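Reviewing the structure listed below.
The values are calculated or read from the model by the stated rules, or taken from the named source; none is laboratory data. What you see is a predicted model; the values in this text were computed from it and never measured. Cβ sites come from the backbone with ideal geometry, for glycine too, and all protein chains shown count toward neighbours. Each accessible area value is taken on the protein alone, full model and side chains, heavy atoms only, with ligands, DNA and RNA left out. Shrake-Rupley method; radii C 1.70, N 1.55, O 1.52, S 1.80 Å.
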Amino acid sequence: MSDDTKAQGSNQMWGGRFATGPAAIMEEINASIDYDRKLYAQDIEGSIAHATMLADTHIISAEDRDKIVHGLNTIRSEIEQGEFAFSRKLEDIHMNVEARLSELIGPAAGRLHTARSRNDQVALDFRMWVRAEAEKTAAALKRLIEVLLARAEEHAKTVMPGFTHLQTAQPVTFGHHCMAYVEMFGRDLSRMRDCLERMDECPLGAAALAGTGFPIDRHQTAQALGFSGPTRNSIDTVSDRDFALEFMAAASICATHLSRMAEEIVIWSTPQFGFVTLSDAFSTGSSIMPQKKNPDAAELVRAKTGRINGNLVALLTVMKGLPLAYSKDMQEDKEAVFDAAESLELALAAMTGMVADMTVNARAMKKAAGSGYSTATDLADWLVRELGIPFREAHHVTGRAVALAEEKGVGLEKLSLSDLQSIHDGITEDVFSVLTVEKSAASRKSFGGTAPQEVRRQVRYWKKKLAKPA
């Protein structure tokens, strides 16, 4: 056997550069087929677009194009039906597909890689996969926002305590609280859409790093693959992974918002709060305590944030010291992104389900809303508004009223007029119009406030915004 034959036998895809096959440990560290097989659909779609362009620009014949396209469609069918034999010796999805194509159609398969490198091929496949995931995430965010809007509209008047430092602060409505998350997830949706806009350039045709001397039409392949146009610098194209980093950063922020909401659901569903009751579909029991109903879905959403944030840091670390253009380090980009995308998709679905079918216990919310002298600020505002005294003096007067109520063991609204007048003789009967939690919430009519009419206004705004084309 000649040296050339030996080299080709060791790895036909590498050709004649290597006299012997890679050692077992090298094969183990080099192979990515165990996870990058997820890219099979993008790899085949990109190759079909590339072969079509090569024929249209007369770089390969129409006959070879037809053989290639037919072979690639056969491979796609084999993979989807579970009949494709993936090989770790062929390293990755690209080489596995190309090797099988060669078996199916013979020498014509070798013409597919004309004017293309694995560098721009993987950049294309990965970008298309991330694009699809960002689109799925945007759609999932829209569904979650729609569910929150429905709960906000339903509970525009349902009073609950608003918290700072997890201490009762002022009465708000549950609808207003839901709308806070609408704003957060709305920004997450905007970030996903921005991310999609920036990744809307096609890497195919950048080749290894310098472009190609063949008369290819990169605009044709970009259009065929759903991009607005091709990338503009071949070096950046094959070394760029910031489209994945941006998706992961947006995913991490979104996961943080999901985690905050999950934490509140965990707290609210405790007997001590009793604000909400999760359905059996999103709860589990205890193996030893028959009375338990655990909010496991919310807890797992909260925990997924650690995985997603960790994946972002992992990819940032992989990319931070790489010289241009391509380095094999970048093979470590995919697992982190795959895991983050799948974790976020699951967390969004779980949160949407929990919010949609949880029971809101309005009575418990209202009772808690009046705790901790939550209408104290309303009393101070009334003193400023009706008696014209400076806010700092009103703050002091209100503090004395709270101390008196605490001494008597009653709420502010249960103090008598004479009790209040003993603190400030200008106080009148009208003060009681602001001391109930319902009236407190209803009075907050400033734009973006908690008043039911303002909650409904913001619900209408978001419904209209979501109805517009993305």
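Working from label points 7 Å from Cα in the Cα-to-Cβ sense, the ALA41 to ILE423 distance is 6.4 nm. Counting only Cβ charges, +1 for Lys and Arg and -1 for Asp and Glu, the dipole size of the chain around its Cα centre is about 1140 debye. Residues in the chain average 48 Å² of solvent-accessible surface per residue, probe 1.4 Å, ligands and nucleic acids excluded.
Across region 394-408, coupling constants 3J(HN,Hα) worked out from phi with the 6.51/-1.76/1.60 Karplus curve, θ = phi - 60°, read 5, 4, 5, 4, 5, x, 5, 5, 4, 4, 5, 5, 5, 4, 7 Hz, and Gly and Pro carry x.
The solvent-accessible area of ARG444, taken with every protein chain present and a 1.4 Å probe, is close to 60 Å². Only one residue of ALA442, SER374, VAL410 has its Cα farthest out toward the positive end of the dipole of region 368-467, where Lys and Arg carry +1 and Asp and Glu -1 on Cβ, and that residue is ALA442. Helical content alone sets the calculated 222 nm signal of the chain at -20000 deg cm²/dmol, taking -39,500 (n - 2.57) per DSSP H segment of four or more residues and averaging over every residue.
Values of log10 I(q)/I(0) for region 368-467 across q = 0.13, 0.17, 0.18, 0.24 Å⁻¹ run -0.51, -0.75, -0.82, -1.26, by the Debye formula with one identical scatterer at each alpha carbon and no solvent.
For region 41-139, the extents of the C-alpha atoms along the principal axes are 41, 31, 22 Å, listed from largest to smallest.
Where the centre of each part is set by its Cα atoms, how far does region 296-358 sit from region 429-454, in angstrom? Cα centroid to Cα centroid, the span is 42 Å.
Basic side chains Lys and Arg get +1 at the Cβ, acidic Asp and Glu get -1 at the Cβ, and with that the dipole of region 127-233 about its Cα centre reaches some 100 debye. Residues whose amide H falls under 5 Å from that of THR173, counting only those 5 or more places apart or on a different chain, are MET160, with hydrogens built in the peptide plane.
Here region 368-467 exposes an accessible surface that is 52 percent carbon and sulfur, computed with a 1.4 Å probe and the other protein chains kept in place. Taking 0.36 nm per residue of separation and subtracting the current Cα-Cα distance, fully stretching the chain between ARG460 and ALA62 would add 137.7 nm. Computed on region 88-132, the Cα convex hull volume stands at 88 Å³ per residue.
Residues VAL313, VAL459, ordered by accessible area of protein heavy atoms at a 1.4 angstrom probe radius and largest first, appear as VAL313, VAL459. Per-residue Karplus couplings for region 97-111, computed as 6.51 cos²θ - 1.76 cosθ + 1.60 with θ equal to phi - 60°, are listed in order as 5, 5, 5, 5, 4, 5, 5, 7, 10, x, x, 4, 4, x, 7 Hz, Gly and Pro entered as x.
Phi-derived couplings, Karplus 6.51 cos²θ - 1.76 cosθ + 1.60 at θ = phi - 60°, listed residue by residue for region 410-418: 10, x, 4, 5, 9, 5, 7, 4, 5 Hz, with x used for Gly and Pro. Taking the centroid of alpha carbons for each part, region 369-402 and region 170-245 are 51 Å apart.
For GLU406 and ASP200, compute 0.36 nm times the residue count separating them, minus their Cα-Cα distance, and round to one decimal in nm.
Details: separation 206, 0.36 × 206 = 74.16 nm, distance 6.17 nm.
My answer for the length gained is 68.0 nm.
Relative to the globular-protein estimate of 2.2 N^0.38 Å, the Cα radius of gyration of region 175-326 stands at 1.51. Accessible area per residue (1.4 Å probe, heavy atoms of protein chains only) ranks PHE275, PHE282 as PHE282, PHE275, with the largest value leading. Placing dummy labels 7 Å off each Cα toward the beta-carbon, the span from SER190 to GLU83 is 5.1 nm. In this simple spin-label model, placing a label point 7 Å from the Cα along the Cα-to-Cβ direction at both GLU183 and ALA356 gives a separation of 2.7 nm. The equivalent ellipsoid that matches the C-alpha gyration tensor of the chain spans semi-axes of 63, 23, 19 angstrom, in descending order.
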